[in-house]
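Report on the structure given below.
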Amino acid sequence: MTQSPSPSSPWNDAWKERQKLRRAPDDAAFWDERSKTFATKDAPSPYVDRFLELAAIRPGESVLDMGCGTGALALPLAAAGHPVTAADFSAGMLGVMDDLAAERGVTGIEALQMSWEDDWAAHGVDPRSRDVCLASRSIATSDLEESLLKLTAVARRRVCVTLTADASPRVDSRALRAAGLPHQAGEDFQFAFNILVDHGLRPEVAYISSERDATYATPQEAHDDYAAMVRRASAVASDADVTAALTRLRSWLDDQLIPNERAGQLDRKGVPEGAWRLREPRVTTWAFLAWDA
């Protein structure tokens with residue numbers, strides 16, 4: 001289906017207002033720096049496996065992986081024989097992906113330094129030039145509608161994206177509830193779903209759960225990390241309310257933190273695990289949206 005020439009969606013206006021209340025999107029320099037700590041297992045494999053299962057990409061189809069990071073999707077797709085254009089605004093992330101591809105003997109990836117806001121055609125990404133377009137946890141743009149329609153215009157057959165279906169992955173809702181703070185719903189996919197419907201598209205929706213196994217060198221490191229989260233969530237609260245929330249948080253964390261039996265072993269990103277962990281990992285739910293282009 002080709003997108004209709006309908007006017008701008010009111011859902012996109014609501015998205016833009018929401019984005020004004022959020023932390024500014026990270027820039028390329030931020031991700032260039034982060035790329036230095038990324039290792040061979042960039043994303044939890046259950047998430048990647050489920051994403052690719054739901055994407056249902058056909059043998060030999062060409063793929064645009066927008067916001068590819070270090071190649072969590074691009075690498076297995078190329079290894080399976082798909083021609084992949086892997087685009088990201090971070091040269092550091094692309095460099096790590098290139099190194100991993102060389103290490104694994106994977107060919108067929110065209111690495112492209114390109115942002116959501118760029119003129120994609122100027123980078124050789126023309127309308128209807130790829131069979132399938134993907135954006136996995138990478139849409140943090142100020143104009144969601146423009147981003148979705150760019151993907152749709154490039155795809156010949158199918159578009160697949162993931163967006164939050166709950167709180168931000170930077171937030172542990174359990175901790176905020178324990179601190180007595182309101183639940184911070186994300187549910188970004190609802191904006192995307194309604195924008196697509198307004199343009200005559202019919203997205204399908206599924207859900208992927210992703211665990212975050214954070215570990216800490218000391219209990220105090222965990223307290224500092226979660227205290228910063230609480231302070232961000234209570235930016236407009238009084239000093240007394242913040243102090244009370246932090247007290248409740250410390251009580252919850254003292255109960256949740258336990259010695260980590262895997263301390264010193266490499267985690268899924270190749271980083272040594274700390275000596276302490278939470279009893280249960282933080283779980284983020286992602287909404288998988290797919291539609292015919």
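At-a-glance table
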quantity	calculated
I109 vs. criteria modelled with pLDDT under 95, touching a helix residue (DSSP H, G or I) at 6+ places or on another chain (Cβ under 7 Å), of a type in the set (A, V, I, L, M, F, W, C) and closer than 24 Å to R50 by Cα	no
Cross-chain or 6+ apart pairs with Cβ under 6 Å, the stretch 279-291 first and surrounded by fewer than 18 Cβ atoms within 10 Å (Cβ to Cβ), then assigned to a strand (DSSP E or B) and of a type in the set (S, T, N, Q)	V283/S209; T285/S209
Residue match in the stretch 180-188 (condition: closer than 28 Å to L144 by Cβ, in a loop (DSSP other than H, G, I, E, B) and aliphatic (A, V, I, L, M))	yes
Strands (runs of 3 or more DSSP E) contained in the stretch 210-293 and holding at least 3 residues under 30 Å from A56 (Cβ atoms) and touching a Leu at 6+ places or on another chain (Cβ under 8 Å)	282-292
Set W291, W276: member being under 30 Å from V159 (Cβ atoms) and at pLDDT 95 or above	W291
Conditions (1) small (G, A, S); (2) crowded, with 20+ Cβ neighbours inside 10 Å; (3) free of Cβ contacts under 8 Å to residues at least 40 places away in the same chain: number failed by A165	(3)
Out of G200, G186, sole residue that is in contact with a strand residue (DSSP E or B) (Cβ under 8 Å, 6 or more places away or on another chain) and either modelled with pLDDT under 95 or at positive phi (or both)	G186
Any hit, the stretch 114-130, residues being among the charged types (D, E, K, R), at pLDDT 90 or above and either on the phi > 0 side of the Ramachandran plot or touching a helix residue (DSSP H, G or I) at 6+ places or on another chain (Cβ under 7 Å) (or both)	yes
Subset of the stretch 103-121 (residues that are small (G, A, S), under 24 Å from the mean Cα position of the chain (by Cα) and farther than 24 Å from G81 by Cβ)	S115
Selection count where residues are more than 9 Å from the chain's Cα centre (by Cα) and farther than 19 Å from S8 by Cα, scope the stretch 126-145	9
Tabulated pairs, the stretch 251-273, first among the aromatic types (F, W, Y), second surrounded by 13 or more Cβ atoms within 10 Å (Cβ to Cβ) and not in a loop (DSSP other than H, G, I, E, B), C-beta under 6 angstrom, 6+ apart or interchain	W252/A178
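The values are calculated or read from the model by the stated rules, or taken from the named source; none is laboratory data. Predicted model, so just to flag it, every value in this text is computed and none were measured. Cβ coordinates were reconstructed from backbone atoms using ideal geometry, including for glycine residues, and neighbour counts include every protein chain displayed.
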